[in-house]
Amino acid sequence: MMPFRRYIPLLALLPFVLVPLFVSDTYIVHGVLAKVCIYVIVVAGLDLVSGYSGDISVGHAGLLAVGAYTSAILCWKLQWNWWGTVPVSILFTALAGVLLGVPALRLAGPYLAMTTIAFGLIVQTIVNESEKLTKGSTGITEIPRLRLGSLSLESNNFYYLTFVAMVLVLYLKRQVVFSFWGRAFEALKENPLAAECSGVSRYRFKLGAFIISAAFTGLAGALFIHLNKYCGPLSFSLQFSIDFLIMLILGGTRSMFGNIIGAFIVVFVPDFFNNIAEYQLMIFGGLLLFTLYFLPGGIIGLINLLARSVGALFRRRRDAVVTAATPRTFPGEQLSPVPEVAHQDAATMQLQAVYRRSLPAGTGSSGHEAAAALLKTEELTIAFGGLVAVNKLELDVRPGEVHALIGPNGSGKSTTINMLSGVYRPTGGRIRFADLPLGGAPHNISRAGIARTFQNVALFGDMTLLDNVLVGLHHTFSRITLLDLFTASPRARREERAARARAQLLLEFVGLGDLANERARNLPYGKQRLLEIARALAQNPALVLLDEPAAGCTAGEISAIDKIIGKMKAAGLSILLIEHHMDLVMNVSDRVSVLDFGQKIASGTPAEIQRNERVISAYLGAPADELPPAAAAAV
Amino acid sequence: MSDLPQLILSGVALGMIYALLAFGYNITFLTSRTLNFAQGEFLMLGALVAFSISVVHKHNYLLGIGGALLIGIVLAVILERTAIRPALRTKSDVSWILATTALGIIARNVAERVWGTDDYRFPSPLGNAPLSLAGGAVRVLPQELLIIGAAAVIMISFELFRRGTILGKAVTAVATDKDAAALQGINVALIITLSFVISSVIAAVAGVLVGPLTLVGAGMGILLGVKAFAAAIIGGLESGLGVVAGGLILGLCEQFTARFISTGYKDTPGFVLLILVLLLKPAGLFGKRSIKKV
């Protein structure tokens, strides 16, 4: 029974398939409703890119043109049956989606918006100029009649076809967004760097969003040519791309009903109020402005808000504040409630329960040499312009050790962690991890077994605590394909269930178990730091880089972090710790390395470091003539 | 190839129009990290207002320019209040991109209602007889020379304003560091408004300048605005000199494509160049790469 709950919203759409039985006016059914269905498909695709991934696309009319022209040209030039052209349209448009998406890998905001505009205009120009293939500005009118067997799909019957296509697309979209894909989209939107450092490949999921979005739009394009039995370049103007954005924002992003409401209003209003057609752009421009600043969730957001307020009036046992604060639930949650975990205090819980890493091949087992250093840097150097921030750093972290990296502000500690986690590319030297050269994008380094936290907390603020940790567990879904998601395969559901249970355990471990459904941005600062540690542990690391985990924390929170570090160590994890709280450093560390002006000036046990003269002078200062030569040179 | 000098001159004139619009993008982007996606529509309204005053009502050409200046100021204030200021509070790129786009389509619709959807001829104040330069080897429209001269004057005067006056230095200060500027007693909101006023006025005047070369009408702005944005990114959105260079490169590219390849494809090279630049050197040809702090 439970698995069906997630499909209730889709089932709610089904009665609308019967509309032609009650309304026979071809103009309404074929001219308006079928058009709405086709636009909903495009808007649903645009929602993946602009709503979930946060990349504005002003080029979707260009994608629609690719789909429409592919189908029209195959029908006209090669006399293909239209049904045969549909997969080709989808494929070609998906390929065009790669072109549209590649800039999104590196660009954001106005730069990306501009490239998508350029994409749409280039498509329009090519269509206009390829006279032989597209008939240029005249357009293709040789669109065949649609049949399915002996059944004609013309006139009002066309609506049934578009309706089925729309429901199919909305179903597929739900399957994608309510899965680890959806979490990856949102994580990349909220904090791309943190998402990548948590093991989410920007490359795969940004492009993936564009490709899926384009595939949907390709299907819409193949249908689009039957609206007027015409395919011409003027249909695919820049304004049309903007119209799709208006539909998306007006209806409300990240919502199936929002997509439908938006498309319906933009199609329906000008068609039914003929006298306003001349003021259409003013009205939609005004509506867009109004929505942006007064209805951030769009019309569907307003409806949800009203529904919640009304619901709260009738429900006494849960007060309205809690209801309003409860984030949207993933259907998976309803489908697979997290098993009741007996509430455990962080102090009594052991990490072994959730930590399942076999150390990378080559460590531990392959003899004393390998065990001597899990992580080793050789002459690691980075220069920003003329400033050498880290200079020929030799650092090694042994398996199972807590290694602290300390030094005055600006000595290059965080820069070192940024190099180790792939955020910065070193200008010289080598990093070896588990006896293999380490390098590449942050998500590769996360997969290799190095997780990190951030000095300036980098969480996904609008996502729940549970979802934040689930982003860290992204790697557990590596065997789940899109096909698994589309078909809701048992394997996909099993993995999701397992990941949720494990994420809950990790939250329990850091003492945040009962806040699992709270949004991360609502947490106090110290608890945000604990959540970052939970997310790092979710990545199954062999080495955790903690960048000032206790900064800004209260004494109680610091002692919690102290205990957590102890337990991480007990579980066999290695830790590289940057910290300014010296009592914490001296308490948990096995060894300490000290940086000053990008160079390592000392290394040893906490007790040795506390007595080291160079360390003392680096921290407290010393008269210039008493400085050791190297430090004097660096000054 | 005998028409080469002429081609270059036309390209530079067109490029100067892009450069003016791009210069406007640069000013507001530096002060507020936002820019006006309706810049092309502002150009269009400037051109149409001047057209109404100078051509329809046969008033002095300078009065037409005055009208364009005025409409530029009015539009800038509306834009800054309704689209930019609320978006700066939400700190989201999506809001200001969509909000300024929304204002753009409203502006276009208003223009369609007032002036209709037709295009009109806007005669140059200097006449349409081509001048012969260099002993008849180069024939050039006087309006093209006017564009080049006027654009240079506008951009140089802004640079002088920025370097030589206390208000201009405040603009530089806000562009460098908003918080530090605010701590020095600079009214940051006012400077941002000022930068939008300057940007919009430049766009409106660019409309008056380009009108005689194209036709004027409600649809004239959208593509010019988009291409000028491409030019700004090609040169480097954050570099004043870069956006001007970007404009010139784009203008020349288009003239050469139209002459040697096909007029139908004349809009394409700019966009292809844009995508290449963004993939190879995202900060633009003349922009400096900034290091992201983590």
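Since every read-out is calculated from the coordinates, none of them should be taken as a lab result. Just so we're clear, the structure is a prediction, and the values are computed from it rather than from any experiment. All Cβ positions, glycine included, derive from the backbone under ideal geometry; neighbour counts span all protein chains shown.
Under a Cβ-only charge scheme (Lys and Arg +1, Asp and Glu -1), can you give me the dipole magnitude of region A:367-634 about the Cα centre, in debye to the nearest 20?
Values: 28 positive and 28 negative charges, 201 e Å.
Roughly 960 debye, rounded to the nearest 20.
Only bridges whose two residues both fall in the protein assembly as shown count here: according to DSSP, what percent of them are antiparallel, nearest 5? Let's see the in-between values first.
On the way: 27 of 43 bridges.
Given both bridge residues lie in the protein assembly as shown, the antiparallel proportion sits at roughly 65 percent.
With labels modelled as points extended 7 Å from the Cα through the Cβ direction, what inter-label distance (nm, one decimal) is found for B:Leu213 paired with B:Phe260?
2.0
Listing A:Cys231, B:Cys253 from the residue with the fewest other Cβ atoms within 10 Å to the one with the most, what is the order?
On the way: A:Cys231 29, B:Cys253 21.
Ascending number of Cβ neighbours within 10 Å: B:Cys253, A:Cys231.
Once you have a ≥ b ≥ c as the square roots of the Cα gyration tensor eigenvalues for region A:128-188, tell me rounded if a/c is under 1.5, and otherwise prolate or oblate according to whether a/b is larger than b/c. Can you show the working numbers first?
Working: a/c = 4.45, a/b = 1.47, b/c = 3.03.
Because a/c hits 1.5 or more and a/b fails to exceed b/c, region A:128-188 counts as oblate.
With a 10 Å cut-off between alpha carbons and a GNM built on chain B, which of B:Gly217, B:Gly240, B:Gly149 moves the most?
Of B:Gly217, B:Gly240, B:Gly149, the Gaussian network model singles out B:Gly149 as fluctuating most.
What whole number of Å gives the distance from the Cα centroid of region B:111-177 to the Cα centroid of region A:401-450?
Region A:401-450 and region B:111-177 have Cα centres separated by 52 Å.
Over the protein assembly as shown, what per residue volume does the convex hull of the Cα atoms give, in whole Å³? Display every interim value, and only then the final one.
On the way: hull volume 200.7 nm³, N = 929.
Cα-based convex hull of the protein assembly as shown, divided per residue, equals 216 Å³.
Which order do B:Phe256, A:Phe216, A:Phe509 fall in if you start with the one that has the fewest other Cβ atoms within 10 Å? Walk me through the numbers before you get to the answer.
Numbers: B:Phe256 16, A:Phe216 33, A:Phe509 24.
Ranking B:Phe256, A:Phe216, A:Phe509 by Cβ neighbours within 10 Å, fewest first, gives B:Phe256, A:Phe509, A:Phe216.
Got the relative contact order for chain A handy, in percent, Cα pairs under 8 Å and 6 or more residues apart? Mind dumping the intermediate values first?
Numbers: 1101 pairs, mean separation 98.6, N = 635.
Relative contact order, chain A: 16 percent.
With +1 on each Lys and Arg Cβ and -1 on each Asp and Glu Cβ, how big is the dipole of region A:397-515 about its Cα centre, in debye rounded to the nearest 20? Don't jump to the answer; show the numbers that get you there.
On the way: 14 positive and 9 negative charges, 87 e Å.
So the dipole magnitude of region A:397-515 works out to roughly 420 debye.
If we restrict to alpha carbons, what Rg and Dmax does region A:30-269 come to, in Å?
So, for region A:30-269, Rg and Dmax equal 17.2, 56 Å respectively.
Counting pairs of alpha carbon atoms under 8 Å apart in space and at least six apart in sequence, what relative contact order in percent does region A:30-269 give? Walk me through the intermediate numbers first.
Working: 404 pairs, mean separation 99.7, N = 240.
Relative contact order of region A:30-269: 42 percent.
Per residue and in Å³, how big is the convex hull formed by the alpha-carbon atoms of region B:207-292?
Working: hull volume 9.2 nm³, N = 86.
Dividing the Cα hull volume of region B:207-292 by its residue count gives 107 Å³.
Would region A:367-634 count as rounded, prolate or oblate if I go by the C-alpha gyration tensor, calling it rounded below 1.5 in a/c and otherwise prolate when a/b exceeds b/c, oblate otherwise?
On the way: a/c = 2.15, a/b = 1.67, b/c = 1.29.
It comes out prolate by the Cα gyration axes.
Along the charge dipole of the protein assembly as shown, which of A:Val594, A:Thr217, A:Leu584 sits closest to the positive end, that is, farthest toward it, with unit charges on the beta carbon of Lys, Arg, Asp and Glu (+1, +1, -1, -1)?
My answer, from the dipole projection, is A:Thr217.
Take the Cα radius of gyration of chain B and divide it by 2.2 N^0.38 Å, with N its residue count; two decimals is plenty. Could you put the intermediate results ahead of the total?
On the way: Rg = 19.0 Å, N = 294, 2.2 N^0.38 = 19.1 Å.
Cα-based Rg divided by the globular estimate yields 0.99.
Using a Gaussian network model on chain B with a 10 Å cutoff between Cα atoms, which of B:Ile148, B:Ile261, B:Ile192 fluctuates the most?
Between B:Ile148, B:Ile261, B:Ile192, it is B:Ile261 that shows the largest mean-square fluctuation.
Can you bin region A:416-538 into rounded, prolate or oblate? Criterion: square roots of the alpha carbon gyration tensor eigenvalues sorted a ≥ b ≥ c, rounded for a/c under 1.5, prolate for a/b above b/c, oblate for the rest.
Working: a/c = 2.35, a/b = 1.23, b/c = 1.91.
Judged from the Cα gyration tensor, region A:416-538 comes out oblate (a/c at least 1.5, b/c at or above a/b).
Which Cα, out of A:Leu207, A:Leu133, A:Gln79, lies furthest along the positive dipole direction of region A:63-220 (beta carbon charges, K/R +1, D/E -1)?
Comparing the listed Cα positions along the dipole, A:Leu207 ranks first.
Can you give the angle from 0 to 90° between the axis of helix B:240-260 and the longest principal axis of chain B, with both taken from C-alpha atoms, to the nearest 10?
Helix B:240-260 and the main axis of chain B meet at about 30 degrees.
Could you tell me the convex hull volume per residue, in Å³, taken over the Cα atoms of region A:209-309?
On the way: hull volume 13.3 nm³, N = 101.
Spelled out: Cα convex hull of region A:209-309, divided by residues, is 131 Å³.
By counting other Cβ atoms within 10 Å of each Cβ, how are A:Ser71, B:Ser262, A:Ser201, A:Ser446 ranked from fewest to most?
On the way: A:Ser71 31, B:Ser262 11, A:Ser201 20, A:Ser446 26.
In increasing order of surrounding Cβ atoms, one gets B:Ser262, A:Ser201, A:Ser446, A:Ser71.
Assign unit charges at the C-beta atoms only (+1 for Lys and Arg, -1 for Asp and Glu), then state the dipole size of the protein assembly as shown relative to its Cα centre in Debye, rounded to the nearest 20.
On the way: 76 positive and 59 negative charges, 246 e Å.
The calculated dipole for the protein assembly as shown is roughly 1180 debye.
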